[in-house]
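Below you'll find the structure, written out as structure tokens, and then a few comments.
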Amino acid sequence: MQQRYDALLSPVVVGDIILKNRMMSSASTPHFLQGREKWPTEKIIGHFSNRAKSGAAAITINHLHCDDIKMPGRTIDDPPAHFNMYELDDASCQNYMCQLIDAIHCYNTKVTGYIMGPVDRSLGPELPPMPVGGQFAPPPPPADKPRSAEDDGPPAVDVNKIDRAWMDAFIADYVQQARDLKSLGFDIVSIYACYRNQPMSRLFSPITNHRSDEYGGSLENRARFTIELLTALRRALGRSFPIELVFSVSEPEGGYTVGDCIEFAKLCDGLVNILHLRGGEMDPQHCLGFTSPESVPEPYLEDMARVTRGVHAAGLDMLVGVSSGMFDIGNADAAVREGRADLVYMARSWISNPNYGELAYEGRGEDLVPCVRCNKCHVPAGREGFRTVCTVNPLVGIEDRAGSLYPASVPPRRVAVVGGGPAGMEFAKTAVQRGHAVTLYEAQDALGGMLRHADYASFKWPLRRFKDYLVGQMDALGVDVRLNTRATKELLLSEGYDMVAVAAGAHPIAPPIPGCDLPNVRYGMTCYGHQDELGDTVAVIGGGEIGVETALWLCELGKKCVVLEMLPELILDAPHAHYKNMVHNYWLREPNFSSLTGVRCTEIVPDGVKYVDRDGVERKVTSDSVLLCAGAASNVDVARSLFGSAPQMAFIGDVNRFANVQKAVREGWAAAMNIR
């Protein structure tokens, strides 16, 4: 029987192995899934074996050697200090790594070992002088300049200074790592060489290579060191052992082009089995609604398709894999079918949908839970601690113990949920799936709660899709939805529910600033749909995610916005890994957006906001309207009025404490799982 996604699910030969399909799991080890043990624990083994069980053809394992670069200060203030980093030279790590590989192999899935740098730290970058404590601290980024992940960490190797002896030592280091990976049972060795991070990519890039010898100038010269490295690896691993090279498809202005990438691929023929293409810059590779519009959800894909077709046209003996934020199963299948990719690499797809491969094999792409591209699976916001989470998949981080946390099954119950936001809808969805009959009460005329704002801003399309998915699930699962109905204790008692979940949300609050009650003042959380009531110029008090995103949306509409924030930077409540840089760069490109940080607002007046700047000078920003985005408070009074509405009660989402969508979804799911 023909499968719906037969191109994506077709097997393919790579060197001396067969991949069972074209769905690859790219390097995406959850940073906080385990502690700082130097080996993969049962949590990691279970996590990746579940990806294999779902259908991944190959799974990449990274962080194989510890990184000894430390940030200043206490570990509780330093998320990278908590990243799980293995030490493959450790005997215990070797034992457990073999167990991880064997578990993945049980599902006919291959395992790729990721070489991200030399083990010998003397071959790494030359760090600046260390401050007291011997720790490296990057300089603070400028507020008015574009930011990138490449600038956030320690400096890279200066390839204009390395000599022959250094190159030989580097190659020997990589060869030893590759041999070790092969001896442990890895099926593929992958060489990370993108984003101008490693000497291979820095030598190939005209941006960073200014040499005038045989390693500089022409494309062939700039590729010479990489070819030498690949030649040594091929000699060490054998003619048929699969080697993957992870490479940027092109670079920003001044760097190499897509055409150069095709010519480089020709030089790698016979040395590389898989050319794994990524974007030219690290941050946009982790694409958001800010960096990839809904009409082009997979950035760089067309450039990668050009390279794939160029490789095919040249008859090269290699497969081309694309890593471009691919999520939609139909799009992935079309990319393979149309010759735009041979392999499709994904990370967040497997995290947001642990049954991703199963849905592909069953032809049910429309049942995917939309990924909101928040990057919390990478590194959540600092205030959320050191947790591996996913906004749309509440199991992430606790999948190994979920079975013991909640009863396996319970008798069907009559259940009500008050509130149709993300917490309430997730509760209803999970409860129905557990066999319960659910009635949802929503006081407004539509479901969505706080997510309804995603209908307005163009860059919020991933969140809008998730909201629409949850709304659609209410109908698909037969939830009895009662809109325009304010639930009371008397109503709920009269229905005789076994359990009631209260997801009554939160309301915006005013900061302690004189003038908040003036007619030119509105709350940011409630201005969506009422934007025509605002003037042409808007002052936004509060520079967290809500304030900044609201201002950017108003800028899209042609209004001029200035955001006032008391902290030294905007969106300090956002996930820091890649996300903040991309939002920062987005607002730099928006001419109607401006901000004032490190300021204290003292009064709202009819024509703007008075404030005290960093130097203690009293100033004023003039605006037609003022938006308050300085916090929210839970609707505790609503919750209190419903106490005793049923034998079992749960309070979920923002009614507990104003937080975010991830916590709302987790709490809604957990409450439904805990119905007794």
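Structural remarks
- Flag if Ile262 is within 21 Å of Leu9 (Cα to Cα) and modelled with pLDDT of 95 or more: no
- Within the option set Gly255, Gly270, being under 30 Å from Lys580 (Cβ atoms) and either part of a helix (DSSP H, G or I) or open to solvent by 10 Å² or more (accessible area, probe 1.4 Å) (or both) holds for one residue only, Gly255.
- Number of positions in the range 175-205 that are among the charged types (D, E, K, R) and either more than 28 Å from the chain's Cα centre (by Cα) or assigned to a helix (DSSP H, G or I) (or both): 4
- Residues located in the range 542-597, provided they are open to solvent by 50 Å² or more (accessible area, probe 1.4 Å), over 27 Å from Asp615 (Cβ atoms) and in contact with a Gly (Cβ under 8 Å, 6 or more places away or on another chain): Ile546, His576
- Flag for Ala341 being within 24 Å of the chain's Cα centre (by Cα) and open to solvent by less than 10 Å² (accessible area, probe 1.4 Å): yes
- Within the range 493-506, being open to solvent by 10 Å² or more (accessible area, probe 1.4 Å), in contact with a helix residue (DSSP H, G or I) (Cβ under 8 Å, 6 or more places away or on another chain) and outside any loop (DSSP other than H, G, I, E, B) holds for one residue alone: Ala506.
- Flag if Val438 is touching a Leu at 6+ places or on another chain (Cβ under 6 Å) and surrounded by 17 or more Cβ atoms within 10 Å (Cβ to Cβ): no
- Of the residues in the range 524-534, none is of a type in the set (Ser, Thr, Tyr), surrounded by 20 or more Cβ atoms within 10 Å (Cβ to Cβ) and at pLDDT 95 or above.
- Hits in the range 96-115 (condition: within 25 Å of the chain's Cα centre (by Cα) and either more than 15 Å from Leu181 (Cβ to Cβ) or polar (S, T, N, Q) (or both)): Thr109, Thr112
- Whichever residue in the range 181-205 is modelled with pLDDT under 95 and open to solvent by 30 Å² or more (accessible area, probe 1.4 Å) and, among such residues, is farthest from Pro40 (Cα to Cα): Arg196
- Residue within the range 49-67 that is in contact (Cβ under 8 Å) with a residue 24 or more places away in the chain, on the phi > 0 side of the Ramachandran plot and open to solvent by 20 Å² or more (accessible area, probe 1.4 Å) present: yes
- Put simply, of Ala639, Ala646 the only residue that is at pLDDT 95 or above, open to solvent by less than 20 Å² (accessible area, probe 1.4 Å), farther than 22 Å from Cys527 by Cβ and within 36 Å of the chain's Cα centre (by Cα) is Ala639.
- Looking across the range 206-239 at every residue that is among the polar types (S, T, N, Q) and assigned to a loop (DSSP other than H, G, I, E, B), the one that is most open to solvent (accessible area, probe 1.4 Å) is identified as Ser212.
- Where a residue in the range 461-472 is assigned to a helix (DSSP H, G or I) and its partner, wherever it lies, is at pLDDT 95 or above and surrounded by fewer than 20 Cβ atoms within 10 Å (Cβ to Cβ), with Cβ under 6 Å and at least six apart: Arg464/Asp455
- Filter result for the condition that a residue is under 13 Å from the mean Cα position of the chain (by Cα), among the small types (Gly, Ala, Ser) and buried (at least 24 other Cβ atoms within 10 Å of the Cβ), over Gly357, Gly420, Gly325: Gly325
- Pick from the range 604-640, criterion in a loop (DSSP other than H, G, I, E, B) and of a type in the set (Asp, Glu), ranking: farthest from Thr550 (Cα to Cα): Asp615
- Within the option set Gly365, Gly397, being surrounded by 15 or more Cβ atoms within 10 Å (Cβ to Cβ) and at positive phi holds for one residue only, Gly397.
- Candidates Glu366, Glu358, Glu399: the one that is of a type in the set (D, E, K, R), touching a residue at least 60 places away in the same chain (Cβ under 8 Å) and outside any loop (DSSP other than H, G, I, E, B) is Glu358.
The values are calculated or read from the model by the stated rules, or taken from the named source; none is laboratory data. Just so it is clear, the model here is predicted, and its values are computed rather than measured. Reconstructed Cβ throughout: ideal geometry from the backbone, glycine too, with neighbour counts over all protein chains shown. To get the accessible areas, we keep the full protein, side chains included, count just its heavy atoms, and leave off ligands, DNA and RNA. Shrake-Rupley method; radii C 1.70, N 1.55, O 1.52, S 1.80 Å.
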